[in-house]
Amino acid sequence: MSRINTLLILLLVVMSGLAIQPALAETPNQILSAVESSAKTAPEFRGFSATRGEQFFKSTHGNDWSCASCHTEDPAGSGKHAKTNKVIKALAPSANAERLTDPAKVEKWFKRNCNDVLGRVCTPQEKGDVIAYLLTTRK
Amino acid sequence: MSERIRVWDVPTRVFHWSLVLSFCGAFLTAESERYRDIHVMLGYTVLGLIAFRLLWGFFGTRYARFSSFLFTSREVVTYVSALVKGEAKHYVGHNPAGSVAIWLLLFLAISSGVTGVLLFQDSGGEVVEELHEVLSFAMLAVVLVHVAGVAVSSIMHRENLVRAMITGSKEARPEEGVERSHAWLGVIMLLVVATFWAGYSAVNAMAPDEAVSQAEHHDDDDD
C-alpha cells in the first residue's frame with residue numbers, strides 16, 4: 001500500500017512539475033539579464049551588441065552552417081530546417097511571442113544549435129549578442 | 001537428453017537485431033540537427049518493427065508468442081529470489097525476469113516512438129518534448145538492465161544467450177524446440193527495412209539542397 005502511495009505522490013510531483021512550467025515564463029529581457037549576469041563574470045565583457053549578434057547569426061564560423069542556414073537571414077520570418085525541410089517558427093519575439101520566454105528552452109536550443117554550427121557551446125557573450133539582435137528584428 | 005534445438009525463429013531474431021541497431025542509432029543521433037533526418041528515419045523503423053512484433057506475438061512460433069512470456073508477478077518474484085540464491089529454474093524461452101524487460105521495452109519503444117512522431121509533426125507541446133526524452137532515457141536504462149540480465153542468466157545457466165539470439169538455437173530437450181524458422185519472412189523484413197532506409201535517405205538527400213538554396217536566394221518570399 002505504501003509503495004503505491006509513494007508512486008502516486010511521485011507521479012503527482014512530476015505532473016505538477018510539468019503543469020507549473022508555463023507559470024515560470026519570463027520576458028525576453030529577463031532572460032537577457034540572466035545571460036548578462038553570467039557574461040559579466042568575464043573580464044573582457046563589453047556589453048551586448050545587436051550588430052555583433054547579427055554578424056554572429058549570419059556567419060558560418062568556418063563550417064558549413066550558420067544560424068541563418070535554418071532560421072534564414074530574417075529571424076522575424078519563419079525558417080526551414082536544413083536537413084528535414086520542415087518549417088521552423090519565427091525566432092524573433094516580435095513575430096512569435098513564445099520565443100525567449102522559457103529559460104530552460106533557450107538554454108537547451110542554444111546548446112544543441114551552437115554545437116551544430118560552431119562545434120562548441122556558445123559563450124554568454126555570444127548568446128547575449130544574439131538575443132539582443134533577435135530583440136531588434138521586426139516583422 | 002539434450003541436443004541443439006531451434007528456439008528463436010528467424011523473424012524474431014531479425015526483429016531483435018534491427019531494433020538494437022535502430023534504437024542505438026536513434027539514441028546516438030538525437031543531440032544534433034545534422035542527423036535529424038537519420039534520427040527520424042530510425043524512429044519510424046522502431047515503430048514499424050514493433051508493429052510487426054505485436055502481430056508476431058500472436059502468430060509467431062512458440063517462444064515468440066506473448067502467451068509464452070506472460071508471467072504472474074508471483075512467478076517473477078519466485079524466479080528473482082531463486083536467482084539471488086543461484087538456483088533459478090531454467091527456461092528455454094524468456095525467463096520471468098527477462099519477460100518484464102521485454103514488456104517494458106515494448107511499451108517504451110511504442111511510447112517514445114509515438115511522442116517522437118508527434119514532435120516531428122509539430123503537434124506536441126513542451127510536455128511531449130519532455131516525455132520523449134524521459135521515455136527514451138528510460139528505454140536505454142531498461143536496455144542496460146536487459147543486457148546485464150542476459151549476462152547473469154548466461155553465466156548462471158552456462159548457456160550463451162547472445163549466441164542463441166544470433167543462431168536461434170539452444171541446448172535443450174528435443175521436444176521443446178520449434179519446428180519452423182520462417183526464414184522467408186525474416187528475409188522480407190530485412191528487404192523492407194533496407195528499402196525504407198534507402199528510399200528515405202534518397203528523398204532526404206534531394207530535399208535539403210532545395211531548402212538551403214531557398215534560404216539563400218529567396219529571403220523575401222517567406223510565408
Exercise. Condition test on A:Cys122, is it away from chain B (no Cβ under 14 Å), closer than 27 Å to B:Asp37 by Cβ and not aliphatic (A, V, I, L, M)?
Worked result: yes
Exercise. Out of all the residues in segment B:62-78, which are surrounded by 15 or more Cβ atoms within 10 Å (Cβ to Cβ) and under 21 Å from B:Ile50 (Cα atoms)?
Worked result: B:Arg62, B:Tyr63, B:Ala64, B:Arg65, B:Phe66, B:Ser68, B:Phe69, B:Phe71
Seminar exercise, completed: The lone condition B:Val40 fails out of (1) at pLDDT below 95; (2) within 14 Å of another protein chain (Cβ to nearest Cβ) is (1)
Exercise. Which residues, counting only those in segment A:57-94, are more than 16 Å from B:Ser32 (Cβ to Cβ), within 15 Å of the chain's Cα centre (by Cα) and among the hydrophobic types (A, V, I, L, M, F, W, C)?
Worked result: A:Phe57, A:Ala68, A:Ala76, A:Ala90, A:Leu91, A:Ala92
Problem set entry | Conditions (1) within 11 Å of chain B (Cβ to nearest Cβ); (2) assigned to a loop (DSSP other than H, G, I, E, B); number of the one not met by A:Ser94 | (1)
Exercise. Could you say which residue among B:Val114, B:Val142, B:Val100 is surrounded by 15 or more Cβ atoms within 10 Å (Cβ to Cβ), more than 26 Å from B:Met41 (Cβ to Cβ) and modelled with pLDDT of 95 or more?
Worked result: B:Val100
Seminar exercise, completed: Note on segment B:99-128: residues out of contact with any helix residue (DSSP H, G or I) (no Cβ under 6 Å at 6 or more places or on another chain), on the phi < 0 side of the Ramachandran plot and not aliphatic (A, V, I, L, M) are B:Trp103, B:Phe107, B:Gln121, B:Ser123, B:Gly125, B:Glu126
For this session: Could you check B:Glu31 against (1) buried (at least 18 other Cβ atoms within 10 Å of the Cβ); (2) within 14 Å of chain A (Cβ to nearest Cβ) and say which number it fails?
Result: (1)
For this session: Give the number of residues within segment A:98-119 that are within 11 Å of another protein chain (Cβ to nearest Cβ) and outside any helix (DSSP H, G or I).
Result: 3
For this session: Tell me which residues, restricted to segment A:60-86, are away from chain B (no Cβ under 14 Å) and either within 18 Å of A:Gly128 (Cα to Cα) or in a helix (DSSP H, G or I) (or both).
Result: A:His61
Seminar exercise, completed: Selection from segment A:102-111 of residues surrounded by fewer than 19 Cβ atoms within 10 Å (Cβ to Cβ) and touching a helix residue (DSSP H, G or I) at 6+ places or on another chain (Cβ under 7 Å) yields A:Pro103, A:Phe110
Problem set entry | Filter result (without any contact (Cβ under 8 Å) to a residue 40 or more places away in the chain and not in a helix (DSSP H, G or I)) within segment A:45-59 | A:Gly47, A:Ser59
For this session: Scan segment B:17-28 and give yes if some residue there is crowded, with 20+ Cβ neighbours inside 10 Å, closer than 13 Å to B:Phe196 by Cβ and either within 11 Å of chain A (Cβ to nearest Cβ) or modelled with pLDDT under 95 (or both), otherwise no.
Result: no
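The values are calculated or read from the model by the stated rules, or taken from the named source; none is laboratory data. A quick note: this is a predicted structure, and the numbers were derived from the prediction, not measured. Note that each Cβ is placed from the backbone with ideal geometry, even for glycine, and that neighbours are counted across all protein chains shown.
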